[in-house]
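Trainee: Below is the structure I would like to discuss, written out as structure tokens.
The values are calculated or read from the model by the stated rules, or taken from the named source; none is laboratory data. Predicted, not measured: the structure shown is a model, and the values here were computed from it. Every residue, glycine among them, receives a Cβ derived from its backbone with ideal geometry; neighbour counts consider all protein chains shown. The accessibility values were calculated without ligands, DNA or RNA, using every heavy atom of the protein model including side chains. Shrake-Rupley method; radii C 1.70, N 1.55, O 1.52, S 1.80 Å.
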Amino acid sequence: MASISNRITVTPAAKLAEILASREASLIAQRFNNTGVILEGDDAGVIKTLREDENNLSTFGNLLDKVKSSVQHVCNLELNWVNKQSNMVVYILAQLAKVQSLGNWDDYPPDFL
């Protein structure tokens with residue numbers, strides 16, 4: 001998965017980063033048969049919005065609507081909110097990616113995980 005993921009430009013808005021990560025995850029899921037995907041995020045508002053049918057009128061509403069359209073093409077998608085502690089591996093990877101390349105690892109994660 002690491003070899004097909006894309007680096008998201010650093011953004012000061014955590015909500016925007018969560019939305020962009022959700023979009024990237026849905027695009028990756030579409031490339032892999034679209035089945036049995038669990039998307040977890042620690043922004044309850046983003047997860048709630050992705051579950052809703054109506055258009056979002058917030059600052060990031062247009063982008064959220066595009067992500068919703070993208071996730072609707074993924075079969076058996078499960079959207080889950082998790083607290084930040086449960087999402088710690090993702091947090092560590094994001095912090096580390098700010099200062100160095102994570103490289104490509106297909107079989108085993110690096111030792112720091």
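Trainee: For the stretch 67-90, which positions are open to solvent by 40 Å² or more (accessible area, probe 1.4 Å), part of a helix (DSSP H, G or I) and of a type in the set (A, V, I, L, M)?
Mentor: Selection gives MET88, VAL89, VAL90.
Trainee: Hey, another quick one. Filter the stretch 15-64 for residues that are within 16 Å of LYS84 (Cα to Cα) and either among the β-branched types (Val, Ile, Thr) or outside any helix (DSSP H, G or I) (or both) and give the result.
Mentor: Selection gives ILE19, LEU39, GLU40, GLY41, ASP42, ASP43, VAL46, ILE47.
Trainee: Shifting gears a bit: Kindly list, by first and then second residue, each pair from a residue in the stretch 60-84 that is more than 17 Å from ILE38 (Cβ to Cβ) and at pLDDT 85 or above to a residue that is open to solvent by 50 Å² or more (accessible area, probe 1.4 Å) and of a type outside the set (Lys, Arg), limited to pairs with Cβ atoms under 7 Å and residues at least 6 apart or on different chains.
Mentor: Every condition considered, the pairs that remain are ASP65/ASN55.
Trainee: Let me ask something else about it. Can you tell which of ASP43, ASP53, ASP107 is surrounded by fewer than 10 Cβ atoms within 10 Å (Cβ to Cβ) and modelled with pLDDT of 80 or more?
Mentor: Being surrounded by fewer than 10 Cβ atoms within 10 Å (Cβ to Cβ) and modelled with pLDDT of 80 or more holds for just one of ASP43, ASP53, ASP107, which is ASP53.
Trainee: Kindly indicate the residue of the stretch 24-38 that is surrounded by fewer than 18 Cβ atoms within 10 Å (Cβ to Cβ) and in contact with a helix residue (DSSP H, G or I) (Cβ under 8 Å, 6 or more places away or on another chain) and also nearest to VAL89 (Cα to Cα) among those meeting that condition. I'd like the intermediate steps shown before the answer.
Mentor: Residues of the stretch 24-38 that are surrounded by fewer than 18 Cβ atoms within 10 Å (Cβ to Cβ), as a first pass: 24, 27-28, 30-36, 38.
From what is left, the residues that are in contact with a helix residue (DSSP H, G or I) (Cβ under 8 Å, 6 or more places away or on another chain) are 27, 30.
Working: LEU27: 21, GLN30: 23 Å.
This residue is LEU27.
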